[in-house]
Each structure stands twice: as C-alpha cells, then as structure tokens.
C-alpha cells in the first residue's frame, strides 16, 4: 500500500507520494494568503464557482457584520449540479448505503440528482414557496435530504434542517423561530434494525405552528393518508415540470439557517450566506481532503449538523465529487459495518468524530482487521479535540500508519474548517489541530484580548467567507455572544494554546473551564490525561460547587478494559495529580457505560454537571443517546 506520510521525530509529514498528488504541496500558500487575504479569497471565488455576475466589492466590514463578494450573483444549486452536467452527467454524485444489508446500495449520478432536484424545486413552487421563505427539513440520512436542500437553494428558499433524532418539541421550537410554513419529512427510517416512526413526531411537532403543508417521503413503505395538508414527495414530483430555472441570488442572501444545540439547550439560528459560504465549502473540501476526480469522500456526520451540510453536501457537490451517505447505525449489523462500506465503495477520504473512534477502540481490533482499508488516502476528525491515544489508534488501525490525519477545528458558526494541517504540507501532530486555513487568521489571547501563549481562541479581520451572518431574528444575542468580550475580534468561546509558532492546539470550550481555589483548569486537559490511561476509553470532567475551593472537578469515565473499582479510581486520581498538579485532584470518579453526546460527537458536559448539582437538565432532545442520562442519574442516587 502507498504510504502518504513519513515520521520525523514526534511529527508526521507528507511523503513524496502525497506530494505528487496534493493540491497544495508547500507552506508558501500561507505566506501568499497572508499578504492580502481579501485578494486571495477574491481569486479563489472566481476560480472555484460559477457566478452570474461578479461582485462590485470583495469585502466590506462594519462590525459586527461583514460581507463578501458584495454585488455578486450566483445560485448554489447551479454550482452543485448544472455546471457539472456536460462533463459529469454519468458520474456518481451520491452513493447511498441503506442500513439494511438486504437493500441495495443506490448510486445516484449527477444527471439523476439534477433531475430529482429540478422536479422537487417545482414541487416547492407549487406549494407557494418563494425566495426568502424558510423551509424546515426533518429527514434522516437519505438522498431526499440532499435533494430537498438543493431544491430550496434552487428557488432561493432558506432551508432549516432539523436532525431527525430530535424530539417533536425540538422540531417545534425550530419551526416557530424560523416561521416555516412548509415541512419536509418522512414516514420513518431504519436505526439499528428498528423502524423509527418519524411522521408521528412530525405531526406532534407542527401543532401550534404555522405549517400549512407537510411533504412526506415514503421511506418505510407505510400506507399514508394524504390530504390537503400532507402530500407525497414521490407523487408530487411526478406531477411537475422536469426543469426549474435557478433563482439568481445575491452573494449575501441567506442560503440556510442551522440551529445549534447550544450549551444552555436554547438553540440559536445560525445564518449562512450563499457566496461566501459556498466559496469556502468548495476550497476547504478540495484542499483539506485532497479530492481528485475519482476520489470518494465519506463524512459520517448527520446532515442535521454543519459538518454534514458542508462535507456531505455543498463541498463535495460543488466540486463535482462523489460522496457516501449511510443511513444507519455505526455498528449495525456488527461493528465492522463502517469498514465494509469503506472497502466496498473505495472511500479515499474518511471524516468522523473522536467519540466514534473511541467507541471502536473499545470494541477491539478484530472488526477493523477484517478489512483492507487500502483505498484510504486522508483521514479527518471533527467535533471535539482528539486525545493522543485516539489519534494514534485512528492513525495505526484505520490508516494503517500510512494516511495523514486532518484534525479539524471549526464550529456551526464558522461554516467550514478553520484550523487544520493540509495533507500535502503537514505537520500532522497527535492532538494538535494545526494552522489556520490559508487566508484566515486566528490568535490566542488572554482575558484582556492581548496575544498570549495560552488562552482564548479568536479570529481576526478580515473574517472568513463562510462565517455566520448573524443569528436569525436575534441581533442582540449575535452581538453579545460573539463580539462583546474582545473588541474587533470574533470570540470562538474555545480555549487554545500555541504548540509551536505555527500550530495551535485546541483545549475545548471556555465554559468547560473550572476554577479551583482561584486557579483556572481546563477540563479537556484533565480528560486528555485520563484518556491516555490504558484502562480508559473516554472521559468527561465537570466542575461542581465546593464551599472551600469554589469548584472541584469530578470525572465520568468509560472503561476500555478492566473493571470499575476503588483501586482504579485512586490510581486515576493519582495520575491526574502527577501529570497536572495537586490543584487538579479529582473529587470523585464515576464509572459509566456511556456519555451523553450530540450526533456531531460533542459530549454534553452541561448535562453531567446538572445531574450532579440536581439542576434542570435543559434540553436532552439534542442527544443521540438520551437513554444514558437516566442510567447515569440512577447511578448517582
């Protein structure tokens, strides 16, 4: 197998073989971009996308707002479909893998996808959806989700995708905030061999909203009673014309709204524009995953999250690439399912979360060893800072010690990857994200906003093209959340430190910092120590109030091997004290079977903290595994 990296000291660098195929082979790209970031993005936007009209002004900033490619006109659906038809009509756009192994994998060509999107765009128009309207999409990982997004983009409607595992109340909140009048959903989907009734949740979720029409995809072949309010996705698509003229949009028109789960459980409607977002989606997909014409990318994130929006839809399709879409559970019907999909579909770029990696570590190597995985060229990780243990396992077991790991840092708000190493440049360092993407500048600052070795991660002007354009219907929250703490700098609310003069290590959310006897301690730093122990698979550290010390750290630990015991608890507490210092002494360790996580892989420490302090848990509907909360709660009694 071709080896794409070589080790030099404690770092890895691209090999000659990677240099031969890499889009970016030298770090001179960073110097070029730094000279004039605005001109840099101006050139990339012209090279990467098709514009109906070029812009009058490349960048305008009146903080807290800023605009890219002002006066430019384009359509996102056209850029993902129409411009590829003449040269890639028979190329696979989407490889859909159903959860059931009895169903065949569907290969949807660019021409197939083009036709389906055009027809459904006309369906939306027949339902009186027009430019600027918000359309809520509540679908599982099936092709109709991508079709619906691109159909909205085609007519200038704003899509708001709601993760299909969210509750009816979570759906209702998002519909009401977005003032949606049309909902696209399905009768259900498959999850670990079970049929999930999505339509029942959708019907409950629209009560008390202004939804006038519900378009239903018949995924489970149920008998559905259609009427004036509930209509069939399939039947309505057959009634309309097969071509829909794309609506020409201003670069700064909103392409979509995506609600974040938020650390408080109160979702924020993050707005992304068309031209800036699509430009950065295109180039970050191309350079970060080094996608060549015959390559296949699989981003395992649900499209209900920003990772799925950018790297399971807009990024690969704007490139004319091929993406994999998998409907089901990562370990169904067995823990080898993902690796079987990689082999069968010749996946070259694989992008997943540290939590998934740690789960596979816990399951053992036998399932991984059954598959070749020799098509892989680039591995990616996203969602949380990855500890060195998980990084090395991923590198050695999945990448077979031959693929670079792109440890990406970004957020729903940033729209696209912001900090990572490029495959043809490197270096690839366990636990270290890397450099700011070319043309973007970050800085680590202290509480006063001055540059510091360790502290808060901020983004500097000019702000990246894919950045949020505000919070839907809430200007005050936008200003206070992102612009209040540091004047003229975007506050990421993440902690970081400089690993060296170029590379940044992300330590996690600033709100995941606890104060013990006046000392600030990063929970991520403590978790990294715990996760490095041979018995530990993953962990979460939270702070709880203490009358004497202010706060004390408590850990929740999922074991990889061995059994929970007082001896192991004492050993791990001693490990933390020796690695970080006495101030980091854990007050208690709870050994649990699972940790509450969002679908994007983020551990919801807020919920663990509230379980300990007996406060309201807030929203648990954003969790992919809500059942574990009750299990942990019983354990704490």
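Against the conditions (1) touching a strand residue (DSSP E or B) at 6+ places or on another chain (Cβ under 7 Å); (2) surrounded by fewer than 24 Cβ atoms within 10 Å (Cβ to Cβ); (3) not in a strand (DSSP E or B), residue 423 satisfies every one except (2). Checked against (1) outside the structural domain of residue 307 (by TED's automatic domain parsing); (2) out of contact with any strand residue (DSSP E or B) (no Cβ under 8 Å at 6 or more places or on another chain); (3) at pLDDT 95 or above, residue 448 passes all but condition (3). Only one of the listed residues (506, 514) is in contact with a strand residue (DSSP E or B) (Cβ under 9 Å, 6 or more places away or on another chain), in a strand (DSSP E or B), at pLDDT 90 or above and buried (at least 18 other Cβ atoms within 10 Å of the Cβ). That residue is 506. Hey, can you tell me all the residues within the range 580-605 that are closer than 18 Å to residue 259 by Cα and either out of contact with any strand residue (DSSP E or B) (no Cβ under 6 Å at 6 or more places or on another chain) or surrounded by fewer than 20 Cβ atoms within 10 Å (Cβ to Cβ) (or both)? Those that are closer than 18 Å to residue 259 by Cα and either out of contact with any strand residue (DSSP E or B) (no Cβ under 6 Å at 6 or more places or on another chain) or surrounded by fewer than 20 Cβ atoms within 10 Å (Cβ to Cβ) (or both): 598, 599, 600, 601, 602, 604. Taken across the range 333-342, residues that are without any contact (Cβ under 8 Å) to a residue 24 or more places away in the chain and not in a loop (DSSP other than H, G, I, E, B) do occur, with at least one present. Against the test of being in a loop (DSSP other than H, G, I, E, B) and buried (at least 21 other Cβ atoms within 10 Å of the Cβ), the options 449, 439 yield a single qualifying residue, 439. Could you tell me whether the range 379-394 includes any residue that is at pLDDT 95 or above, assigned to a strand (DSSP E or B), within 14 Å of the chain's Cα centre (by Cα) and closer than 30 Å to residue 41 by Cα? Yes: one or more hits.
Residues 44, 54: which one is crowded, with 18+ Cβ neighbours inside 10 Å, at pLDDT 95 or above, farther than 30 Å from residue 430 by Cβ and touching a helix residue (DSSP H, G or I) at 6+ places or on another chain (Cβ under 9 Å)?
The conditions single out 44.
At least 3 residues being over 26 Å from residue 469 (Cα atoms), outside the structural domain of residue 177 (by TED's automatic domain parsing) and modelled with pLDDT under 95 is the threshold, and among the helices (runs of 4 or more DSSP H) wholly inside the range 199-315 not one reaches it. Would you check if there is a residue in the range 569-582 being over 33 Å from the mean Cα position of the chain (by Cα), assigned to a helix (DSSP H, G or I) and touching a residue at least 40 places away in the same chain (Cβ under 8 Å)? Within the range 569-582, not a single residue is over 33 Å from the mean Cα position of the chain (by Cα), assigned to a helix (DSSP H, G or I) and touching a residue at least 40 places away in the same chain (Cβ under 8 Å). Out of curiosity, is residue 320 surrounded by fewer than 24 Cβ atoms within 10 Å (Cβ to Cβ), in contact with a helix residue (DSSP H, G or I) (Cβ under 6 Å, 6 or more places away or on another chain), closer than 19 Å to residue 367 by Cα and at pLDDT 95 or above? No; evaluated as a whole, the condition is false for this residue. For the structure I just gave you, tell me whether residue 170 is part of a loop (DSSP other than H, G, I, E, B) and either out of contact with any strand residue (DSSP E or B) (no Cβ under 7 Å at 6 or more places or on another chain) or crowded, with 22+ Cβ neighbours inside 10 Å (or both). No; evaluated as a whole, the condition is false for this residue. If only residues of the range 73-98 that are touching a residue at least 40 places away in the same chain (Cβ under 8 Å), over 17 Å from residue 155 (Cα atoms) and in contact with a helix residue (DSSP H, G or I) (Cβ under 7 Å, 6 or more places away or on another chain) are counted, the one that is surrounded by the fewest Cβ atoms within 10 Å (Cβ to Cβ) is 91.
Go over the candidates 476, 400 one by one and state the one that is outside any helix (DSSP H, G or I), in the same structural domain as residue 29 (by TED's automatic domain parsing) and more than 27 Å from residue 28 (Cβ to Cβ).
Selected residue: 400, the only one of 476, 400 that is outside any helix (DSSP H, G or I), in the same structural domain as residue 29 (by TED's automatic domain parsing) and more than 27 Å from residue 28 (Cβ to Cβ).
The values are calculated or read from the model by the stated rules, or taken from the named source; none is laboratory data. No experiment lies behind these values; they were computed from the predicted model shown. Note that we place each Cβ from the backbone using ideal geometry, even for glycine, and neighbour counts take in every protein chain shown.
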